[in-house]
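Derivation of every value follows stated rules applied to the coordinates shown; laboratory data play no part. Being a predicted model, the structure only gives us computed values, none of them experimental. Virtual Cβ from ideal backbone geometry, glycine too; neighbours counted across all protein chains shown.
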Amino acid sequence: MKRMPTAEEVVAMLSEEGIVDLPADFPVDGDLFAEGMDSMAVMQLIVVAEERFGAIIGPEDASRENLATPEDLARLIALKSGGAG
């Protein structure tokens, strides 16, 4: 099993992969959709989360509630890759 990301690592991943352009000091509880997360970014995110963390995020998981903040996203990745407990 791959290591699960922290919310800070999610912020870095989103920027590094060009999914959402975030400042380095973006808060872990900040609204990703207000920063430009859209449906195309969500699709990229699903692919990157699987590649990096082995998280299988299905369409039913790709809700605003699950993806709104880096904290929410880190929690979802942990859950979908078997890392939450």
Review point. Any idea what the dipole of the chain comes to, in debye rounded to 20, about its Cα centre with Lys/Arg Cβ at +1 and Asp/Glu Cβ at -1?
Key: 420
Practice item. Find how much the distance from Phe33 to Glu51 grows on full extension, using 0.36 nm per residue of separation minus their present alpha carbon separation; answer in nm with one decimal. Key: 4.2 nm
Revision key, fill the gap. Connecting every pair of Cα atoms under 10 Å apart in the chain and solving the GNM, the largest mean-square fluctuation among Leu73, Leu22, Leu32 falls on Leu22
Point to revise | Sum of -39500 (n - 2.57) over DSSP H runs of 4+, divided by residues of the chain (222 nm, nearest 500) | key: -14000 deg cm²/dmol
Study note, to complete from the structure: Expected vector for region 21-33, Karplus 3J(HN,Hα) from phi with 6.51, -1.76, 1.60 and θ = phi - 60°, integer Hz, x for Gly and Pro, equals 7, 10, x, 4, 9, 4, x, 5, 10, x, 7, 5, 5
Study note, to complete from the structure: Stokes-Einstein, Kirkwood over Cα pairs, the chain, 25 °C, 0.890 mPa s; D in µm²/s equals 198
